[in-house]
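Beneath this line is the structure, given in structure tokens, with notes to follow.
The values are calculated or read from the model by the stated rules, or taken from the named source; none is laboratory data. Owing to the predicted nature of the structure, the values given are computational and were not obtained by experimental measurement. Every residue, glycine as well, gets a Cβ built from its backbone with ideal geometry; the counts of neighbours run over all protein chains shown.
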Amino acid sequence: MDVAAIYLSVTIVLGLLAVALRLPPLVGFLAAGFALNWMDVPDFPALETIADVGVTLLLFGIGLKLDLRTLIRREVWLTATAHMVLSVAFGTGVLWLCAVVGLPLLTGQSMTTFVLLAFALSFSSTVFVVKVLEERGESHSLYGRVAIGILVIQDIAAVIFLTATSGELPSPWAFALVLLWPASKLFRAVWSRIGHGEMQSLFGVVMALVPGYWLFDAVGLKGDLGALVMGMLLASHRNSSELSRSLFHIKELLLVGFFVSIGLTGLPDLPLLLLALGMVLLLPFKALGYVVLLWLMRLRVRSSLLAGLALTNYSEFGLIVVALGVEAGMLGSQWLVEISIAVAISFVFAALVNGRGHLMVEKLAERLPHQPTERMLPEERPTDAGDAEVVVIGMGRVGVAAYDRLSHQHGLRVVGVDYDDSRVSIHESEGRHVVQGDATDLDFWRRMRRSGSVRTAVLSMHEHGSNITALECLRESGFTGQVVSVARYADELAVARENGVDAAFNLYAAAGLEVADQAWRLAQGEEADADANGTGLEGSGHA
């Protein structure tokens, strides 16, 4: 327990320091790993298990939200494949040139070493990217879905490489894993009967670790891939979004162990540190590759930039590839420390870049060539508010209730905005005017302002961060109408008011007032208001 107390104390102190410096907490967690290593604190054996379980739950959560159709989209599989090929070729050439000019550690190395190192550096971190997207509330946005799809393709490539180079083929029993498809129907039936409390969270953990991780690992496949597949098989269940949210904080806590473990890999000497910094200097080229390829795949410059910046880091898979190379004798043991340092520094670099917010991306996008409208993907094309007086961002339970009340009882012209095209179709079939759009897009609000009729914006997205980002873009666009926002906690209400909303409401307090109103109507012998019922849909303002 003494060792655990030291680990926890150092981690929380450096995490708080990072927050105080307006840096993402994970920067503090990475620093904690290096500090613990430097302090020569004894190993904490449970840390590796904690980190592994955190990554497994992360991939299971990705599967719960992943639409298989995303993976077969050209902008996903072709971008992932082309970027990996170009990255390996470019990285190999740069490392070879560094060896030619006599850079220490690279001089005298074989071309196989250069190719293997370049391949290790071609991956982007699934853990880091998903964490960035979730903190922004944008894992369901178009660029977020494309980025996650690219990561899944990379993970599959990594599994194929590890299987091909391990010298051991998967067990013949691996073919029996196809039975998980019919078995998932039984799992979903059980899931439907266990309620919404701790049993649902436990069910999710068991699904991720047992038929997911353990079963795949037992037949010679990567367990993390099993967790991803298991999540995808259960994604169609009506409670998949609820389960993902219930596992969110468990996963976040366990992933602290992952970031600390990265820093514990080793301490570099000066030559190793300089080479790691040199590898980090390659990250802008990695970002540029993603941006150009996604632009060629008909995404807007803005979406390409956001996805490219999110993917601008090195991956924990790189550590696995290098570890395999060391074990096979293709690389020296110092390369494992080298890549660990490069991965850790890349996380810090990416956290700082992605923490700058959307406005930096919006202003940069304005200076770059625009994608012609007719060439854009359908989801990227401009939306039209028509003659609407009120725009409701996020057509979940709260958004639908606000839309119906404003439209039916107050007679206002209302347009709803949501990121999900299938959800938009459902609302349109029910007679609502809902368009697909991204409320964190500055251009979206400029179009709304140009329409001239919109006087009020209602920010009802589930993620507080998304509402604040939308508010920043709204003000930057020159919108001068009234803004109403919702929040779940008192501190979120305070932040919303500090950022200039005209009215902010606590969801739970507002629900209590609605209950009181309904009770009063019943006490007076009146019927309850049917419009007060929620739809059960979860909504977001992202495209």
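Numerical summary
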{"read-out": "The listed residue being modelled with pLDDT of 90 or more and assigned by TED's automatic domain parsing to the domain that holds PHE128, out of GLY220, GLY231", "value": "GLY231"}
{"read-out": "Segment 319-334, residues that are out of contact with any helix residue (DSSP H, G or I) (no Cβ under 8 Å at 6 or more places or on another chain) and not in a helix (DSSP H, G or I)", "value": "GLY329"}
{"read-out": "All positions within segment 1-14 that are touching a residue at least 40 places away in the same chain (Cβ under 8 Å) and either more than 30 Å from TYR213 (Cα to Cα) or of a type outside the set (Ser, Thr, Tyr) (or both)", "value": "VAL3, ALA4"}
{"read-out": "Check on PHE175, among the aromatic types (Phe, Trp, Tyr), outside the structural domain of ASP441 (by TED's automatic domain parsing) and surrounded by fewer than 23 Cβ atoms within 10 Å (Cβ to Cβ)", "value": "yes"}
{"read-out": "For VAL27: the one exception among (1) surrounded by fewer than 22 Cβ atoms within 10 Å (Cβ to Cβ); (2) closer than 29 Å to ILE150 by Cα; (3) β-branched (Val, Ile, Thr)", "value": "(1)"}
{"read-out": "Top-ranked residue in segment 260-318 [being among the small types (Gly, Ala, Ser) and part of a loop (DSSP other than H, G, I, E, B); ranked as modelled with the lowest pLDDT]", "value": "GLY266"}
{"read-out": "Subset of segment 23-41 [in contact (Cβ under 8 Å) with a residue 24 or more places away in the chain and not in a helix (DSSP H, G or I)]", "value": "LEU23, PRO24, MET39, VAL41"}
{"read-out": "Strands (runs of 3 or more DSSP E) fully within segment 414-494 counting 2 or more residues that are over 25 Å from the mean Cα position of the chain (by Cα) and in the same structural domain as GLY396 (by TED's automatic domain parsing)", "value": "414-418, 456-459, 482-487"}
{"read-out": "Failed item, numbered, when PHE44 is tested on (1) touching a Phe, Trp or Tyr at 6+ places or on another chain (Cβ under 7 Å); (2) assigned to a helix (DSSP H, G or I); (3) aromatic (Phe, Trp, Tyr)", "value": "(2)"}
{"read-out": "Residues of segment 357-399 satisfying the condition of being on the phi > 0 side of the Ramachandran plot and modelled with pLDDT under 80", "value": "GLY357, GLY386"}
{"read-out": "GLU514 being surrounded by 15 or more Cβ atoms within 10 Å (Cβ to Cβ), at pLDDT below 80 and in the same structural domain as VAL398 (by TED's automatic domain parsing)", "value": "no"}
{"read-out": "Residue under evaluation LEU368, criteria (1) part of a helix (DSSP H, G or I); (2) out of contact with any Gly (no Cβ under 9 Å at 6 or more places or on another chain); (3) among the hydrophobic types (A, V, I, L, M, F, W, C), criterion not met", "value": "(1)"}
{"read-out": "Tabulated pairs, segment 158-179, first at pLDDT 70 or above, second part of a helix (DSSP H, G or I), C-beta under 6 angstrom, 6+ apart or interchain", "value": "ALA158/PHE317; VAL159/LEU225"}
{"read-out": "Yes/no for LEU68 being surrounded by 15 or more Cβ atoms within 10 Å (Cβ to Cβ) and either touching a residue at least 60 places away in the same chain (Cβ under 8 Å) or not hydroxyl-bearing (Ser, Thr, Tyr) (or both)", "value": "no"}
{"read-out": "Enumeration of residues in segment 468-511 that are of a type in the set (A, V, I, L, M), buried (at least 19 other Cβ atoms within 10 Å of the Cβ) and in contact (Cβ under 8 Å) with a residue 40 or more places away in the chain", "value": "ALA470, VAL486, VAL501"}
